[in-house]
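Asks: Structure provided below as C-alpha cells; questions to follow.
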Amino acid sequence: MFDNQIIERFKQIETPFYYYDLNLLNRTLATVKRLADSYNFHVHYAMKANSNDQLLKVISSYGFGADCVSGGEVLKALETGFDRKHIVFAGVGKSDKEMINALEKDIFCFNCESTQEIEVLNELAKKIDKTAFIAVRINPNVEANTHKYIATGKDENKFGINRIELDAIVDLVKKSSHIRLIGIHFHIGSQIQNLDNFKNLCTRINEIQDWFESKGIPLTEINVGGGLGINYQEPDKEEITDFENYFGIFHQHLQVKPHQRVHFELGRSIVAQCGSLISKVLYIKKGVNKQFAILDAGMNILIRPALYQAYHKIENITSNSSETATYEVVGPICESADFFGKDVSLPITQRGDLIAVRSAGAYGEVMMSLYNLKEQAKSVF
Ligand code: LLP
C-alpha cells in the first residue's frame, strides 16, 4: 500500500501521526455517491467516525449530508461546508444548549430518542418560536452480530424509543405544538459484516411503517442509520467496502412509498480504509515467553484494540529483513490494555522502524485522549 516515495516522506515526519490517503477517500466517496444516486438514497456522513477538518471538507464537497451527535459536530459540519438542510442531529443525551443551537441553525431533523427529549425539545422550540422537525429513533430489537459495545438495536441497549412506547409518542407528538414528526430512524450497530442483519432491519422497518400508517401518520423520511463493516483483516484486498450489495439489500427489502426518502448514516465504511496510524518503534524488549515491540503511539492515540479487542493489520514498512519474528506490538502507556496486536508476525523489527497500523481512519483520531499527557498525533495527507 505504501510506495517508497511515501515511506521516504514518512521518515521525515515526527511520529506518531495519522496518515490519510485522500485519493482513496475520493474514490470511496465517488463510489458511494454513484450508487446512492442510482437508488435515490440520501447519505449523511456520520461525523463521529472522523471529524478532521480536511476530511470533512472533502466529504461535504460531494454533497452528502452530516449525521451529528453533539452541538460541536453540528457547528463543525456547518463550518466545513455541509448544508444545514442536510444535517441530522442524533444522540440519547442532547443538552438544552445543544438543542437550542441546532434549532437556531434550522437543521433538517432531530433524531429523538425518548419521550422526555421530545417534551423538552417542544418547550425549547416554543420559547424561541421555531418548529423542530423530528424523526423518532426506534429500537427495533434487531441483532447486529458485532462487538457488544457497538451493538445498539436490542432491547437491552439505551438507544431509541421502545416499541411499547410508540402509542405514547404518537399522542405526545399530536399535542406538541412546536414538533413536526417527519420520519423514523434506526441504527442497529457498527462494523456489521453480515448483510442479513440489514435485511432483518428492513423487515422490522416495514412492519413499523405499516403501524404508523394505520394510525394515520404519514412519514416522509426513513433513516436506516449506518453500520456497514469493513475488512480489517485485508485492507488492501478491499479498499472500498461492498456498498453495492449493501445498498442493494435496502433497495430490495425496504418498502419505500413514492413520497418517501431513504437516508443512511455511514461513518466507518467511508473513512476507515483511507487512514493509517504511523508510529515508530522505540524499543524491542525480550520477555520470558514474548518479545515486545514498544511503539511511540499507544491507546492514547488509537484505543480500538484496548477498548473492543479490535484487530488492526500491523505492518513494518521500513524493515528490509526477509526473516520474521513474533511480537507483542504495544504502546508506551502505563497499562496492559495498551497494545495494538498480540502474536504479530513481522519482519525482524528494530528500534527506529516505522510501523503502520492500518484501517485507522475511523474512530481513531477522534478517540484520541490526553491520557498520560503524551503528545497528540498530528494528521498528514
Ligand atoms: N448512526 C448512529 C446513530 C450511530 O450511533 C453511528 C455510530 C453511526 C450512524 C455510524 O456508524 P458506522 O457507519 O460508522 O458504523 N467507536 C466504535 C464505533 C462506535 C459507533 C457509534 N455509532 C469503534 O471504534 O468501533
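Asks: Residue under question is residue 308, and the condition is that it be of a type in the set (Ser, Thr, Tyr), touching a Lys or Arg at 6+ places or on another chain (Cβ under 7 Å) and under 24 Å from residue 238 (Cα atoms); does it hold?
Replies: Answer is no for this residue.
Asks: Which residue pairs have Cβ atoms under 6 Å apart, sit 6 or more places apart or on different chains, and have a first residue in the stretch 68-82 that is in contact (Cβ under 8 Å) with a residue 24 or more places away in the chain and a second that is more than 14 Å from the ligand (Cβ to nearest atom) and among the hydroxyl-bearing types (Ser, Thr, Tyr)?
Replies: Matching pairs, first to second residue: 80/60; 81/60; 82/60.
Asks: Just name the residue that is nearest to the ligand (Cβ to nearest atom) out of those in the stretch 83-109 that are closer than 15 Å to residue 264 by Cα and in contact (Cβ under 8 Å) with a residue 60 or more places away in the chain.
Replies: Among residues in the stretch 83-109 that are closer than 15 Å to residue 264 by Cα and in contact (Cβ under 8 Å) with a residue 60 or more places away in the chain, the one nearest to the ligand (Cβ to nearest atom) is 90.
Asks: Next question, about the same structure. Taking the stretch 23-57 as the region of interest, how many residues are in contact (Cβ under 8 Å) with a residue 40 or more places away in the chain and among the basic types (Lys, Arg)?
Replies: Result for the stretch 23-57: 2.
Asks: Of the numbered conditions (1) out of contact with any Lys or Arg (no Cβ under 9 Å at 6 or more places or on another chain); (2) surrounded by 22 or more Cβ atoms within 10 Å (Cβ to Cβ), residue 139 fails exactly one; give the number of that condition.
Replies: Only one criterion in (1) out of contact with any Lys or Arg (no Cβ under 9 Å at 6 or more places or on another chain); (2) surrounded by 22 or more Cβ atoms within 10 Å (Cβ to Cβ) is unmet by residue 139, namely (1).
Asks: If you don't mind, another one. Report every pair of residues separated by at least 6 positions or lying on different chains whose Cβ atoms are under 9 Å apart, first residue within the stretch 309-332 and more than 21 Å from residue 289 (Cα to Cα), second acidic (Asp, Glu).
Replies: Note: pairs meeting the criteria are 313/234; 313/236; 316/353; 317/353; 318/353; 319/353.
Asks: Take the residues of the stretch 51-73 that are in a helix (DSSP H, G or I) and acidic (Asp, Glu): which is farthest from the ligand (Cβ to nearest atom)?
Replies: The selected residue is 53.
Asks: Another question, if that's okay. Name the residue that is surrounded by the most Cβ atoms within 10 Å (Cβ to Cβ), counting only residues in the stretch 164-183 that are out of contact with any Lys or Arg (no Cβ under 9 Å at 6 or more places or on another chain) and among the charged types (D, E, K, R).
Replies: So, considering only residues that are out of contact with any Lys or Arg (no Cβ under 9 Å at 6 or more places or on another chain) and among the charged types (D, E, K, R), the one surrounded by the most Cβ atoms within 10 Å (Cβ to Cβ) is 165.
Asks: Can we say residue 350 is in a loop (DSSP other than H, G, I, E, B), within 20 Å of residue 52 (Cα to Cα) and touching a residue at least 12 places away in the same chain (Cβ under 8 Å)?
Replies: It is false that residue 350 is in a loop (DSSP other than H, G, I, E, B), within 20 Å of residue 52 (Cα to Cα) and touching a residue at least 12 places away in the same chain (Cβ under 8 Å).
Asks: Within the group 48, 85, 76, which residue is among the basic types (Lys, Arg), more than 15 Å from the chain's Cα centre (by Cα), surrounded by 17 or more Cβ atoms within 10 Å (Cβ to Cβ) and part of a helix (DSSP H, G or I)?
Replies: 76
Asks: Within the stretch 279-293, is there a residue that is in contact with a helix residue (DSSP H, G or I) (Cβ under 6 Å, 6 or more places away or on another chain) and at negative phi?
Replies: So far as the stretch 279-293 goes, no, none of its residues is in contact with a helix residue (DSSP H, G or I) (Cβ under 6 Å, 6 or more places away or on another chain) and at negative phi.
Asks: Enumerate the strands (runs of 3 or more DSSP E) found wholly within the stretch 260-329, keeping only those where 3 or more residues are more than 15 Å from the ligand (Cβ to nearest atom).
Replies: 275-286, 291-295, 314-316
Asks: In addition: Going through the stretch 263-302 one residue at a time, which ones are surrounded by fewer than 20 Cβ atoms within 10 Å (Cβ to Cβ) and farther than 30 Å from residue 376 by Cα?
Replies: Answer for the stretch 263-302, where residues must be surrounded by fewer than 20 Cβ atoms within 10 Å (Cβ to Cβ) and farther than 30 Å from residue 376 by Cα: 288, 289.
Asks: Of a type outside the set (Asp, Glu), modelled with pLDDT under 95, over 17 Å from residue 10 (Cβ atoms) and more than 26 Å from the chain's Cα centre (by Cα): does that describe residue 288?
Replies: Judged against the criteria, residue 288 is a match.
Asks: How many of the residues in the stretch 213-230 are within 14 Å of the ligand (Cβ to nearest atom), in a loop (DSSP other than H, G, I, E, B) and either over 17 Å from residue 111 (Cα atoms) or not β-branched (Val, Ile, Thr) (or both)?
Replies: 5
Asks: Count, please, the residues in the stretch 302-323 that happen to be over 17 Å from the mean Cα position of the chain (by Cα) and on the phi < 0 side of the Ramachandran plot.
Replies: So the count comes out to 12.
Asks: Consider residue 170 carefully, then state whether it is β-branched (Val, Ile, Thr), within 15 Å of the ligand (Cβ to nearest atom) and assigned by TED's automatic domain parsing to the domain that holds residue 45.
Replies: no
Asks: If you don't mind, there's one more thing I want to ask. Among the listed residues 206, 145, 197, which satisfies the condition of being farther than 19 Å from residue 133 by Cβ, crowded, with 16+ Cβ neighbours inside 10 Å, assigned by TED's automatic domain parsing to the domain that holds residue 256 and polar (S, T, N, Q)?
Replies: It is 197.
Asks: While we're on this one: Based on this model, can you work out whether residue 175 counts as away from the ligand (no atom under 16 Å from the Cβ), modelled with pLDDT of 95 or more and more than 28 Å from residue 78 (Cα to Cα)?
Replies: In short, yes.
The values are calculated or read from the model by the stated rules, or taken from the named source; none is laboratory data. Being a predicted model, the structure only gives us computed values, none of them experimental. Neighbour counts are summed over all protein chains in view; Cβ atoms, including those assigned to glycine, are modelled from backbone coordinates with ideal geometry.
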